[in-house]
């Protein structure tokens, strides 16, 4: 095992877990915010397991995802907007629990947790299908167009999975106010997709033809 990669992965994991805990439980004013613990469990336990699996089976993929730095200036704006979106959604979810603004039934949180895990499974399948999958928008050396599996249904199945993940998060947290905030992800991801398709069409052979064959970007028969 690559010890440097292991410690880097653990640091990245902790760098995600600790801020999420603070953003949820400080506004909630209590550790009894059970929906917060539910989200942390379904978010970070599979993430830890997937990270350990990649470290063993595909350390290069893990290294690439840990070291990703966005080069497209337009995408840096997308990342900043996404950060503010998550910040607002998590803080409002904690405040919603604290002050009882709009209380959703517990079954909605459990149902949303199942949707979240389905999104995780979808994301894992995308990782399996596309060895060139990257957190940044770029054309890699020897990269080829993937048009099988989920890529034969929509052009951006990774974003399809993140849409499911992100929109189920606030419902897991029991916060319809946060759900309204997370709807901002739709125009944010639309902006990212426009830029990504431009980069791929200019730099990846066969992508223009693939774009004509697979009509839908994110949701079959819808978008």
Nearest 10, in degrees from 0 to 90: the angle of helix 34-57 to the longest Cα principal axis of the chain is 30 degrees
Here the FRET efficiency for residue 213 versus residue 114, based on Cβ atoms and R0 = 35 Å and rounded to 0.05, is 0.60
Per the C-alpha gyration tensor (a ≥ b ≥ c, the square roots of its eigenvalues), segment 3-213 is rounded if a/c is under 1.5, else prolate if a/b beats b/c, else oblate; here it's prolate
Computed over the chain: longest principal axis from alpha-carbon atoms vs helix 73-99 long axis, angle to nearest 10 degrees, is 20 degrees
Cβ density ranking, 10 Å radius, fewest first, applied to 212, 76 yields 212, 76
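Take every Cα pair under 8 Å in the chain that's 6+ residues apart, average their separations, divide by the length, and report that relative contact order as a whole percent. All intermediate terms of the calculation are to be shown ahead of the outcome.
Numbers: 239 pairs, mean separation 59.9, N = 223.
27 percent.
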Computed over the chain: longest principal axis from alpha-carbon atoms vs helix 185-203 long axis, angle to nearest 10 degrees, is 20 degrees
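Read-outs throughout are calculated quantities, based only on the coordinates presented, and are distinct from any laboratory measurement. None of these values were measured; they are calculated from a predicted model. Methodologically, a virtual Cβ is constructed for each residue, glycine included, from the backbone with ideal geometry; neighbour enumeration extends over all protein chains shown.
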